[in-house]
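Read-outs throughout are calculated quantities, based only on the coordinates presented, and are distinct from any laboratory measurement. Because the structure is a prediction, the values reported are computed rather than measured. Here the Cβ positions follow ideal geometry from the backbone for every residue, glycine too, while neighbour counts run over all protein chains shown.
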Amino acid sequence: MSYSEIVLEHFWRPKNNHVDPEADVMGVAGVPGNGPFMVLYLRLEGQIVRQASFQTHGCAPSIAAGSLLATELPGVQVLEAPGRWPEEAINAALGDLPFHKRHCSALAAEALARASEAARRRTQAPAPEHAALDDQGERGAT
């Protein structure tokens, strides 16, 4: 199987691949410990993502998708992030994954949507259209 250079770069040198116990919010897609999963940890300053990290169990495209988001999200408004980085955008940024690996970009997009929803619930901001998923693992809720 052949992957793009960007997938290989993020796979061999993933950025911010770690658990962040100080994260303000996190989003979980899949079931950790049971199959492929993605956990996205976000540190926020107001509604701006200041730092992002991820944890995943899966193949090269899963690691690449988490690493990509961890590098692209800082500076982005958390409630707008899922609209900027839907599955299609993640997939395109990774150089178009093979069809049978699209679940990797979908896991990353779902984790981001859940983290964004957790941030919205923390501040009780009105839900944008993309925030229809339940959150898992909200931290620091008021």
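How about segment 1-76: which GluC sites (Glu not before Pro) there are in a DSSP loop, with at most 14 other Cβ atoms within 10 Å of their Cβ?
Of the GluC sites (Glu not before Pro), the ones in loops of segment 1-76 whose Cβ has at most 14 other Cβ atoms within 10 Å are E22.
Order of I6, I63 from fewest to most other C-beta atoms within 10 Å?
I6, I63
Sort Y3, Y41 by Cβ crowding within 10 Å, fewest neighbours at the top.
Ranking Y3, Y41 by Cβ neighbours within 10 Å, fewest first, gives Y3, Y41.
Taking each pair of distinct Cα atoms in the chain once, what is the resulting Kirkwood hydrodynamic radius in Å?
About 14.6 Å for the chain.
On average, how much area does the Cα convex hull of segment 32-81 cover when viewed from any direction, in nm²?
That works out to 3.4 nm², a quarter of the Cα hull's surface.
Between A89, G30, S53, whose Cα lies farthest towards the positive end of the dipole of the chain when Lys and Arg beta carbons carry +1 and Asp and Glu beta carbons carry -1, centred on the Cα centre?
It is S53.
Kindly state, to the nearest 0.05, the FRET efficiency for S4 paired with R84, given R0 = 35 Å and r defined as their beta-carbon distance.
Computed FRET efficiency for S4 and R84: 0.95.
Alpha carbon centre of segment 81-99 versus segment 1-36: separation in Å?
Taking the Cα centre of each part, segment 81-99 and segment 1-36 sit 14 Å apart.
For R43 and R13, compute 0.36 nm times the residue count separating them, minus their Cα-Cα distance, and round to one decimal in nm.
8.6 nm
Using the membrane-span-like helix rule (whole DSSP H runs, Cα extent along the own axis of at least 27 Å, mean Kyte-Doolittle hydropathy at least -0.5), which helices of the chain qualify?
102-123
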